[in-house]
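**Student:** Quick one: the structure is below, and I'll ask about it shortly.
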Amino acid sequence: MFDSLTTFRPVSRCLGWVWSGIVATFLGCTTELELPGNPTNRLVVVLDAPPRAFDPRFSIDTMSAKVSKLMFSALVHVDNPSVVPEPLLAASITPDAGSATRWHVFVRRDVLFHDGTPLTGHDVVYTFKSILDPELGSPYRADFDAKFRDIILDPTDPFHVIFELEQPLATFLTDLDMGIVPAHLLQNTGTGGRFPESGWIGAGPFRFVRFDGHSTLVLRRSDTTAHIRPTYEWLVLRVLADDNARLLSLLAGSADLMINGISPILVDTLKNRDDVRVYTEPSLAFTYLGLNLRVPALSDVRVRQALSLATDRDEIIRVRFSGLATPARGILPSFHWAYNEQLPAPGFDPARAEQLLDEAGFPRDPVSGIRFSLELKLSNHRFRRGIAEMIVWQWAKVGVAVTLRPYEFATFFADVQKGRFDVFLLQLPEPIEPDMIRWMLYSLQTPTKERGTGLSPYAHWDRRFFNPGWDTLLGDPLCDHWAKQSYVHGVIRLVETIVGSPIDLGSTNRTYYANPRLDCLVDMGRQTADRQQRKRLYAEAQSVVAQDLPILPLWHENHIALGSPRLRGVSLLPTSRLSFVTKLTGNMDQEVE
């Protein structure tokens, strides 16, 4: 049972709080809200953004994925400190003894959907095949279509599913972290495979009750879910876009828990309060600057190295994060199993940066002192803009003028996806798989595939068919076979295009980076099952990226959570997921001093 400080009391006066000279004023009055249950059997969590989709096949943004996983369980999960896949709905997952492209998944026999219907292998097959169906329009289709040849239900065992892969796939277990949907509600029902409004039924620890579309989502513990059973009955997720409002809702007793969405500079002060508990843990979250290598100035590695050396990460972490972040050496944090311990630490050396810019042919203008100008695109989030302003100031010291272009996130991200930027600031929330390096930087996965014009060599390559520079690896001890296979695959793509069936290569390499060595390493890493061998391949891949710097690693931010003193079991995960809330407990009889 919970001792939640969740009673919403009428407030007839304005609230003001002052901490160490920082004044945050919350104006307005609150009225009592109708919430289910009572303060002893519900948990209220405040969020900074609403979920946009509950169906796991469409939950592509971070908040939607977090919330969806509370309602839809998957065959595996990675909600553990080491972020390795573990069975959840799967009883066992084993490779086929006679084929490197076949896996056997046996589904647990004790799982029910929220409506009481048993979950079987038929639901697993339907879920993945619906994602592969172009008519459904799942954003996961392109990725899964390149991996899965077929998903088959064993006719002799309704809980045995056979996955046939296009090629050996080391990421297979992680790819099974997809919520399973009920075939009996979606298949052949005239809905096009989509849930009716407010009809989301899964097999997760909580079932859907109601959502007002923007601010309050009510979930209820599923009594049919045996594999995960929360100790409390009601989970209320409230969206408050304003940072101060979220904090004050917790301090005033209107909420029990908030995860992230708080300025790190308040943490030291809040630690001294008796009415709140502060939790911080290292995370996977990776913040970086993406560089468009089709921009002539950015195509020179010396310029990219100079921009990295001109960035004082330690100062930004001290000023903006109060030390609650770790400078990033690459995409993966130091606690990740595939992290390369030999990566060089990002340095700060403005004098060396200026020297490199001179060598690259960008001297200071004798009047303005400016070497060249760039645009930095980002979301209009106030905290992120403050970070970007510090970067602009630091780069200006070495003669690089930067204009900030903040946009609403949807507009900003659309420009990033289409390659319309010079530089962008973004956070990758969950680089769980080292295959994320391939996702971000594989040479053929650029928004524009055709050869372009301009002075940048990265604009000159045609990326529709052949990996740029594949032939330079012929005879290479490690990559000779890859180079030959790359040529064969290029010919196949060319023929497919000629006959009118072009292959969708994806567009996630927004920097337009191309390095055949990296392509070879990440392709081999994707197909190698042995973890130690994968680690060696990805270690070299990380070294290549650190040398070429198509992206500038900045830091891995700590997760920060604030909770009621009566909560027990708060244990943040390296991911930003909410699954740990299912294990929270409280003591209704305990008085808070």
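The values are calculated or read from the model by the stated rules, or taken from the named source; none is laboratory data. From a predicted model like this one, the values you see are computed outputs, not experimental measurements. All Cβ positions, even for glycine, are placed from backbone atoms using ideal geometry, and neighbour counts span all protein chains on display.
**Student:** Tally time: how many residues in the range 279-325 are surrounded by fewer than 18 Cβ atoms within 10 Å (Cβ to Cβ), closer than 18 Å to His559 by Cα and either basic (Lys, Arg) or touching a residue at least 60 places away in the same chain (Cβ under 8 Å) (or both)?
**Tutor:** Counting residues in the range 279-325 that are surrounded by fewer than 18 Cβ atoms within 10 Å (Cβ to Cβ), closer than 18 Å to His559 by Cα and either basic (Lys, Arg) or touching a residue at least 60 places away in the same chain (Cβ under 8 Å) (or both) gives 5.
**Student:** Which residue, of Gly179, Gly116, is of a type in the set (Gly, Ala, Ser) and at pLDDT 95 or above?
**Tutor:** Gly179
**Student:** For the list (1) in contact with a His (Cβ under 8 Å, 6 or more places away or on another chain); (2) assigned to a helix (DSSP H, G or I), I need the number of the one condition that Thr287 fails.
**Tutor:** Of everything listed in (1) in contact with a His (Cβ under 8 Å, 6 or more places away or on another chain); (2) assigned to a helix (DSSP H, G or I), Thr287 misses just condition (2).
**Student:** From the list Ser443, Ser456, exactly one residue is in contact with a helix residue (DSSP H, G or I) (Cβ under 6 Å, 6 or more places away or on another chain), more than 30 Å from Ser64 (Cα to Cα) and touching a residue at least 60 places away in the same chain (Cβ under 8 Å). Which is it?
**Tutor:** Ser456
**Student:** Next up: Provide a single number: the residues in the range 99-127 that are under 28 Å from the mean Cα position of the chain (by Cα), under 18 Å from Trp200 (Cα atoms) and among the polar types (S, T, N, Q).
**Tutor:** 1
**Student:** Tally the residues that are buried (at least 16 other Cβ atoms within 10 Å of the Cβ) and at pLDDT below 95, restricting the search to the range 490-502.
**Tutor:** Within the range 490-502, residues that are buried (at least 16 other Cβ atoms within 10 Å of the Cβ) and at pLDDT below 95 number 1.
**Student:** Name the single residue, out of those in the range 42-76 being basic (Lys, Arg) and in contact (Cβ under 8 Å) with a residue 40 or more places away in the chain, that is nearest to Val181 (Cα to Cα). If you could, list the steps in order and put the result at the bottom.
**Tutor:** Going residue by residue through the range 42-76, those that are basic (Lys, Arg) are 42, 52, 57, 66, 69.
Then drop every residue that is not in contact (Cβ under 8 Å) with a residue 40 or more places away in the chain, which leaves 42, 57, 66, 69.
Values: Arg42: 26, Arg57: 9, Lys66: 16, Lys69: 11 Å.
Applying the filter and picking the extreme gives Arg57.
**Student:** Under 8 Å by Cβ, and 6 or more places apart or on different chains, what pairs join a residue from the range 147-160 that is touching a residue at least 60 places away in the same chain (Cβ under 8 Å) with one that is part of a strand (DSSP E or B) and loosely packed, with under 14 Cβ neighbours inside 10 Å?
**Tutor:** none
**Student:** Scan the range 378-400 for residues that are touching a residue at least 12 places away in the same chain (Cβ under 8 Å), among the small types (Gly, Ala, Ser) and exposed (fewer than 15 other Cβ atoms within 10 Å of the Cβ) and jot them down.
**Tutor:** If the condition is that a residue be touching a residue at least 12 places away in the same chain (Cβ under 8 Å), among the small types (Gly, Ala, Ser) and exposed (fewer than 15 other Cβ atoms within 10 Å of the Cβ), then Gly386 is the only one that fits.
**Student:** Listed residues Leu404, Leu425; which is touching a Leu at 6+ places or on another chain (Cβ under 6 Å), closer than 30 Å to Val83 by Cα and not basic (Lys, Arg)?
**Tutor:** Only one candidate qualifies: Leu425.
**Student:** Oh, and also: Against the condition more than 30 Å from Ala252 (Cα to Cα), touching an Asp or Glu at 6+ places or on another chain (Cβ under 6 Å), among the basic types (Lys, Arg) and at pLDDT 90 or above, how does Arg510 come out, does it pass?
**Tutor:** no
**Student:** Can you say whether Ser373 is of a type in the set (S, T, N, Q) and in a loop (DSSP other than H, G, I, E, B), as far as the supplied structure shows?
**Tutor:** Working: of a type in the set (S, T, N, Q): yes; in a loop (DSSP other than H, G, I, E, B): no.
So Ser373 fails the test.
**Student:** Across the range 25-78, which residue is surrounded by the fewest Cβ atoms within 10 Å (Cβ to Cβ) among those that are polar (S, T, N, Q), modelled with pLDDT of 85 or more and part of a helix (DSSP H, G or I)?
**Tutor:** Looking at residues that are polar (S, T, N, Q), modelled with pLDDT of 85 or more and part of a helix (DSSP H, G or I), I get Ser64.
Here is a yes/no grid of residues against (1) free of Cβ contacts under 8 Å to residues at least 40 places away in the same chain; (2) over 28 Å from Glu540 (Cα atoms); (3) not β-branched (Val, Ile, Thr):
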| site | (1), (2), (3) |
| --- | --- |
| Pro344 | no, no, yes |
| Gly347 | yes, no, yes |
| Ala360 | no, no, yes |
| Ser373 | yes, yes, yes |
| Leu376 | no, yes, yes |
| Phe413 | yes, yes, yes |
| Gly419 | no, no, yes |
| Leu425 | no, no, yes |
| Leu428 | no, no, yes |
